[in-house]
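Asker: There's a structure below that I have some questions on.
Laboratory data are not the source of any read-out in this text; all were calculated from the coordinates shown. Keep in mind that this is a model prediction, so the values were computed, not measured. Please note: Cβ atoms are built from the backbone with ideal geometry, for glycine as well, and neighbour counts cover all protein chains shown.
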Amino acid sequence: MKLIATLLTSLTLALSANATLFTNTVSVDSFVRSNSPAANYGGAGALSVSGLTATNVFGQTTNGITDTFIRFNTALSVSNFNAQFGTNNWVINGAKLRVTEVGAPNNSLFSRGIGAFEIRWVANTNWTEGTGMPMSPTANGIAFTNEFTLLNTNTDASLGVFTNAGVDSAQAFNLALPTEFTSSLRNGGEVGFFLTALDSGTGFTFNSKTFGTASARPFLDISALPQPAIVSLALTETDCIVSATNGFTNATYYLLSSSDLTLPLSQWTPISTNLPSTNGDFTITPTNALGTSDQLFFILQAQ
């Protein structure tokens, strides 16, 4: 029998003490308004996510829908992980968007109100920040009219639904890790987000990249771990011994097998789970794994 090992590279992993964290600073950002669909506010010191019934400092519901677009460049984080773990020999196990909320903004263009909002990863990053200000918007950057050209449900991915605090405070949102998003993070280029209100009363305002205090601007934290790998396969009668390295403490590993490499992963057979040893090397021994097939493929997956 021929035994072939491979590794699934799109892994979802629990946070571990072994992880390395890198913080990315914001590249460009801007909010857009439905009530001024052609206006750009890329130079503002704050960003806004609000629904139709959110009120401003005067109790008015005059701002309409406001959404935020924001980008981070992950080139430095990729270089950092490559230097530490080896080129592409790492997997992302966490991503967090950090912002500083303004609970009661005193500018009438910004709304307030606690409510749900969604953060999406957006495949299309082809937009210009612009220089518009709240009291003097411009037409030289992204505006509400651009949304239909930038958003695509077939390519974009939701990273979660969250709720703002409604007070002056630092907020951190742990993002989901769909494959599209993690692939974008690993590419080392511009990574775009779209924030939109899900409740009509949501009025979420937070500091932008042009805010005077650098530590209060948006940040994207990325956490990475060394990539596990199958290093050897051995036979003991009807059992197969699978040895792996670069394991993560407290991560659960799944060994999948198939005699047909063309089958979708959902049709592969789960064989066993295992917790790695503290030194990062571990062994999985599927009992009676050998059947009548001439070849058997293995994939190591972590959760």
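Asker: Gain in length, Asn35 to Ala176, computed as 0.36 nm per residue apart minus the alpha-carbon separation, to one decimal in nm?
Answerer: Net length gain for the segment: 47.6 nm.
Asker: Now, a different point. Compute the relative contact order of region 20-226 as a whole-number percentage, counting only Cα pairs closer than 8 Å that sit 6 or more residues apart in sequence.
Answerer: 39
Asker: Further, regarding this structure: Assuming 0.36 nm per residue, please report the length gained on full extension of the stretch Arg98 to Val161 beyond their Cα-Cα distance.
Answerer: 21.2 nm
Asker: Need one number: nm distance between label points at Glu118 and Leu198, each 7 Å from Cα along Cα→Cβ, rounded to one decimal.
Answerer: Roughly 0.8 nm, to one decimal.
Asker: Another question about this same structure. Which far-off residues, 5 or more places away or on another chain, put their amide H under 5 Å from the one on Gln171, with H placed in the peptide plane?
Answerer: The list, which skips near neighbours in sequence, is Val99, Thr100, Glu101.
Asker: Once amide H atoms are placed 1.01 Å from N in the peptide plane, what residues at a sequence separation of 5 or more from Thr55, or on another chain, have their amide H within under 5 Å of its amide H?
Answerer: Distant-sequence amide H within range of Thr55: Arg112.
Asker: Right, next: Stretched out fully, how many nm does the piece from Thr62 to Ser108 gain, at 0.36 nm a residue minus the Cα gap?
Answerer: So the chain would gain 15.7 nm between Thr62 and Ser108.
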